[in-house]
Every structure is written in structure tokens, then in C-alpha cells.
1. For the stretch A:7-59, please list each of the strands (runs of 3 or more DSSP E) lying entirely inside it that holds at least 1 residues being more than 10 Å from every other protein chain (Cβ to nearest Cβ), under 21 Å from B:Ser93 (Cα atoms) and hydrophobic (A, V, I, L, M, F, W, C).
2. What pairs can you find where one residue is in the stretch B:59-84 and on the phi > 0 side of the Ramachandran plot, the other is of a type outside the set (Ser, Thr, Tyr) and open to solvent by 50 Å² or more (accessible area, probe 1.4 Å), and their Cβ atoms are less than 6 Å apart, with a gap of 6+ or different chains?
3. Give B:Lys9, B:Lys41 a once-over and let me know the one that is open to solvent by 70 Å² or more (accessible area, probe 1.4 Å), within 11 Å of chain A (Cβ to nearest Cβ) and without any contact (Cβ under 8 Å) to a residue 40 or more places away in the chain.
4. Determine which member of the set A:Val13, A:Val19, A:Val37, A:Val57 is over 12 Å from the mean Cα position of the chain (by Cα) and open to solvent by less than 40 Å² (accessible area, probe 1.4 Å).
5. Among the numbered criteria (1) over 16 Å from B:Gly103 (Cβ atoms); (2) buried (at least 16 other Cβ atoms within 10 Å of the Cβ); (3) more than 9 Å from chain B (Cβ to nearest Cβ), which one does A:Gly62 miss?
6. Say we look at the stretch B:55-68 and pick out the residues that are within 18 Å of A:Ile104 (Cα to Cα) and in contact with a Phe, Trp or Tyr (Cβ under 9 Å, 6 or more places away or on another chain); which of these is surrounded by the most Cβ atoms within 10 Å (Cβ to Cβ)?
7. Does B:Met32 satisfy the condition of being of a type in the set (A, V, I, L, M, F, W, C) and over 21 Å from A:Val93 (Cα atoms)?
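The values are calculated or read from the model by the stated rules, or taken from the named source; none is laboratory data. Note that this is a predicted model, so its numbers are computed, not measured. Backbone-built Cβ (ideal geometry, glycine too); neighbour counts: all protein chains shown. These area figures cover heavy atoms from the full protein model, side chains too; ligands, DNA and RNA do not enter into them. Shrake-Rupley method; radii C 1.70, N 1.55, O 1.52, S 1.80 Å.
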Amino acid sequence: AQSVTQLGSHVSVSEGALVLLRCNYSSSVPPYLFWYVQYPNQGLQLLLKYTSAATLVKGINGFEAEFKKSETSFHLTKPSAHMSDAAEYFCAVTPDGGSQGNLIFGKGTKLSVKP
Amino acid sequence: DTEVTQTPKHLVMGMTNKKSLKCEQHMGHRAMYWYKQKAKKPPELMFVYSYEKLSINESVPSRFSPECPNSSLLNLHLHALQPEDSALYLCASSQAMPGKIYGYTFGSGTRLTVV
């Protein structure tokens with residue numbers, strides 16, 4: 001069964017500092033991986049997705065993630081945090097290589113940005 | 001139109017009431033999903049419709065009844081709910097087909113409170 005583990009339920013950074021949110025996956029088949037952001041009382045917005053086309057994936061709002069098969073990781077980074085980045089971030093994987101078409105989410109990481 | 005629209009945004013209902021949640025998309029997506037999200041938790045899959053047919057039911061209690069009248073609409077009928085069913089209900093859609101993942105678009109959700 002496929003799953004994702006997000007390390008750290010809460011990450012706090014200063015404005016302008018590097019953002020690093022960690023996600024490790026478990027999969028017996030090539031995974032499709034996603035990062036979503038959720039602002040308070042809102043739905044989920046797709047930041048970026050990995051579908052095996054390129055290991056370094058660039059997303060919206062300056063975020064990017066690198067797929068590392070040897071480390072089974074898909075960490076999310078942003079060079080310089082902005083106050084508006086404060087939100088909940090979810091890493092997600094599709095089970096069975098996408099044959100069922102649904103998403104399984106990690107537990108989430110809350111990002112706080114200090115002025 | 002690149003949105004998934006959910007109505008109502010907020011709903012308060014008694015345990016004996018019958019209500020419905022509505023989800024609509026006009027992106028031509030043929031897979032639609034209901035997720036339930038409790039506070040400070042990741043979304044959990046409830047139902048998947050593929051080409052207007054129910055393909056996944058994650059052992060959801062019968063007091064939740066999904067319906068997909070056409071390729072653009074998804075409803076969730078609610079009856080005799082319990083207070084623990086209070087949550088954010090998210091609808092999503094995708095072009096997902098077996099082996100092909102194009103990404104998922106989420107609505108902003110319906111905040112349901114059962115009293």
C-alpha cells in the first residue's frame with residue numbers, strides 16, 4: 001500500500017528564510033506525488049505535482065520539490081518565505097500508480113512565518 | 001471555468017434533518033470525489049465517481065448517500081447525522097484515468113455542523 005509521511009506537524013520560519021517541508025513516501029510502484037496548500041477555512045490548492053516527467057518540479061508561488069527515489073523523498077522548498085505562505089501543507093500520493101484515481105494525504109504540516 | 005463550486009458554504013443541521021451538499025464543475029472532468037476533513041486532520045476519502053458511476057465507497061455509513069446525476073454534478077445527501085459528523089466536506093474533480101494523473105481540483109468546501 002502506498003502512503004506518505006510528513007515529518008514535523010509544525011514548522012516555523014522567519015520571513016525571508018528558507019522553507020523546507022519534508023515528505024517521504026512508501027510505494028511499491030512508481031508514485032504520483034502532490035503538494036497541496038490549505039489556508040484557514042478554505043479548500044485545497046495544488047502547489048505542484050510529480051508524474052515522472054522531471055525530478056525537479058516547479059510549482060506556484062515560488063515553491064518547488066525534488067523527487068529523490070534513493071531517499072524516497074519529495075520535500076517542498078521555497079528560497080524565501082513570505083507572510084502569505086502561512087498555511088497548512090499536505091503531501092499526497094495516488095495509490096496503485098493512479099489506477100484508482102484518488103489521493104491519500106499525509107497528516108499535514110502547519111507553516112508559521114514570523115515577521 | 002477552472003473551478004469546483006460547492007454549496008452551501010456553511011450548513012447547520014439537526015440530527016433528524018435531511019439536507020444535501022452540492023458540487024459542480026465544468027472542466028470536463030470525469031472523476032469526482034467527496035472527502036471529509038475533521039479539524040487539524042488531513043482529508044479522508046469518502047466516495048469516488050468515475051464516469052458517473054460509483055467506483056469507491058470507503059465504508060461510509062449509510063446516513064451519507066452520494067449521487068452523480070450527470071458528469072458536472074455531484075451531490076451528497078445527508079440524513080440522521082450525528083454530532084461527530086461535523087466537519088469540512090470537500091469535493092474534488094480530476095481527469096484521472098487509470099495510469100494517467102492530471103491533478104485534482106478541490107472546491108472550497110462545506111462547513112457542516114450537526115447539532
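1. In the stretch A:7-59, the matching strands (runs of 3 or more DSSP E) lie at A:33-38, A:44-50.
2. Once the first residue is on the phi > 0 side of the Ramachandran plot and sits in the stretch B:59-84, its partners that are of a type outside the set (Ser, Thr, Tyr) and open to solvent by 50 Å² or more (accessible area, probe 1.4 Å) give B:Ala80/B:Arg63.
3. After applying the criteria, what remains is B:Lys41.
4. Exactly one of A:Val13, A:Val19, A:Val37, A:Val57 is over 12 Å from the mean Cα position of the chain (by Cα) and open to solvent by less than 40 Å² (accessible area, probe 1.4 Å), namely A:Val13.
5. Evaluating A:Gly62 over (1) over 16 Å from B:Gly103 (Cβ atoms); (2) buried (at least 16 other Cβ atoms within 10 Å of the Cβ); (3) more than 9 Å from chain B (Cβ to nearest Cβ) leaves (2) as the failure.
6. That would be B:Val60.
7. No.
Every residue, every condition in (1) in a strand (DSSP E or B); (2) modelled with pLDDT under 95, yes or no:
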residue	(1), (2)
B:Met15	no, yes
B:Glu24	yes, no
B:Glu84	no, no
B:Thr105	yes, yes
